[in-house]
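Structure, as structure tokens:
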Amino acid sequence: MSRRVKRPLRPAGDRPKGARPYRGSQAERPQAHRSGGKPPARFAAPRATRPEPFVAEPAEIVAEPPPLPTKVQTVVVTADENNMRVDRFLEARFPGLSFSHIQRIVRKGELRVNGKRADSKDRLEEGQSIRIPPLKLDAPHFAGSLSEAAQKTLQALKDMILFEDADVMVLNKPAGLAVQGGSGITRNVDDMLEVMRDAKGQKPRLVHRLDKETAGCLLIAKTRFAATALTGSFRHRSARKIYWALVAGVPKPKQGRISTYLAKEEGEEDTIMRIAAHGDEGASHAVTYYAVVETSAQKLAWVSLKPVTGRTHQLRAHMAHIDHAIVGDPKYFNKENWQLPGGLQKRLHLLARRIVIPHPRGGVIDATAPLPPHMLQSWNLLGLEADRFDPIENAPEE
């Protein structure tokens, strides 16, 4: 994956700002796709090279995390934890803590950074001293004692499952369902997972997040053991994620790399990510590979996206940055006098299509989510073929 990049021979003016091509050229595509024949099955890897079905290996590969502390302790931020948010730091250090418990101890000022109160979104620096109060898991729930409402919640979660074993679940999160609680949010995945606590009180926990209006693959750890391993995979970028989006216009070149810095900008009513300069306060480097899969009358393009980093709203901000915002995006769609084609719903057309990540006990988790109803409707109306060859497979894994 480290071969030199070959840039397409096209005028520089055709290239979107902030994007540069990668090596997935037309010449590398299968002949059947070039000649207009039936494209190969989705995701370019041949069947013979697809990951083998998961086979559990001995649990000694990753050590079981120690019990949660029952008294005050002080820890030091490591180099690997530099620039982590306070809430993510707690989740990584103490898998099994609920989101509400983390927010509670931060809100009450029980957690201190170098002796001072901290906000859950504050970024930590290597060497800082963190005072951790006594921590506890919420009381366990038992299936037999679930209320009727809780049983419906449990069934709703089961209906979302794309993959499950003793350690891990991959959910197909519907668009419109928040992953975590917040202002104005009454229902979210994190709270729903309360009904799945086991006899030891362990609650399945989020390993990563999706925006509320983004549908698709959401990884859940069912044990503290799995949470520690999977969180490490995300931190070390060994998790591979592929997203599908419908965007305005057709990006040129049709395959490229977007590299910018992103910083959070707080508004009166909302928060967005803005393109920032290196060295700006709060700016983080963000890299995304994109590839146009299919187009519709040069007005719309089905784009496959592979984020290398995992910044807030990264894909949405990056596509808007190169002037090809994602259709239905209420925050970043900035094209004036642009009319939504008839029949398409004004909803965010972004799907967390696929996730591939090492399983904590060996093997590989490889899950794929179907198009959500509003995107499937758009694909059908535009005549896009969902089983078409996805050129993002050729993007680097840097």
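The values are calculated or read from the model by the stated rules, or taken from the named source; none is laboratory data. Please read these numbers as outputs of a predicted model, since none were measured by experiment. Methodologically, a virtual Cβ is constructed for each residue, glycine included, from the backbone with ideal geometry; neighbour enumeration extends over all protein chains shown. To get the accessible areas, we keep the full protein, side chains included, count just its heavy atoms, and leave off ligands, DNA and RNA. Shrake-Rupley method; radii C 1.70, N 1.55, O 1.52, S 1.80 Å.
Using a 1.4 angstrom probe, figure out how much accessible area segment 237-394 has per residue, in square angstrom, rounded to the nearest whole.
Spelled out: the 1.4 Å probe surface of segment 237-394, per residue, equals 39 Å².
Could you state the accessible area per residue of segment 148-235 in Å², with a 1.4 Å probe and every protein chain left in place?
Each residue of segment 148-235 exposes 38 Å² on average to a 1.4 Å probe.
Students often get this wrong: which residues of segment 369-394 have the backbone nitrogen under 15 Å from the point 7 angstrom along Cα-to-C-beta of Ala297?
378-384
Calculate, in nm to one decimal, what Asn114 and Lys71 gain on full extension: separation in residues at 0.36 nm each, minus their alpha carbon distance.
Extra length available between Asn114 and Lys71 comes to 13.6 nm.
Which shape class applies to segment 73-132: rounded if a/c is under 1.5, otherwise prolate when a/b exceeds b/c and oblate if not, where a ≥ b ≥ c are the square roots of the Cα gyration tensor eigenvalues?
oblate
Under 1.5 on a/c is rounded, so check that first for segment 237-394, then, if it is not, pick prolate when a/b is larger than b/c and oblate when it is not; a ≥ b ≥ c are the square roots of the alpha carbon gyration tensor eigenvalues.
oblate
My understanding is that a pair violates if its Cα-Cα distance is over 28 Å; which of Lys203/Lys306; Lys254/Lys335; Lys200/Lys241; Lys108/Lys152; Lys121/Lys200; Lys116/Lys331 do that in this structure?
Pairs exceeding 28 Å: Lys203/Lys306; Lys200/Lys241; Lys108/Lys152; Lys121/Lys200; Lys116/Lys331.
Only Cα pairs under 8 Å and at least 6 apart count here; give the relative contact order of segment 237-394 as a rounded whole percent.
26 percent
Roughly how many percent of the accessible protein surface of segment 237-394 is carbon and sulfur, given a 1.4 Å probe and a whole-percent answer?
45 percent
Would you please name the trypsin sites (Lys or Arg not before Pro) within segment 117-224 that are DSSP coil residues with at most 14 other C-beta atoms within 10 Å of their C-beta?
In loop regions of segment 117-224 (DSSP not H, G, I, E or B), the sparsely surrounded trypsin sites (Lys or Arg not before Pro) are Lys121, Lys136, Arg187, Lys200.
If I stretch the segment between Thr309 and Asp387 completely, what's the gain in nm (0.36 nm per residue apart, minus their alpha carbon distance), one decimal?
Difference between extended and current length: 25.4 nm.
Residue separation times 0.36 nm, minus the C-alpha to C-alpha distance between Leu146 and Asp270: what's the value?
Contour length minus the Cα-Cα distance gives 41.0 nm.
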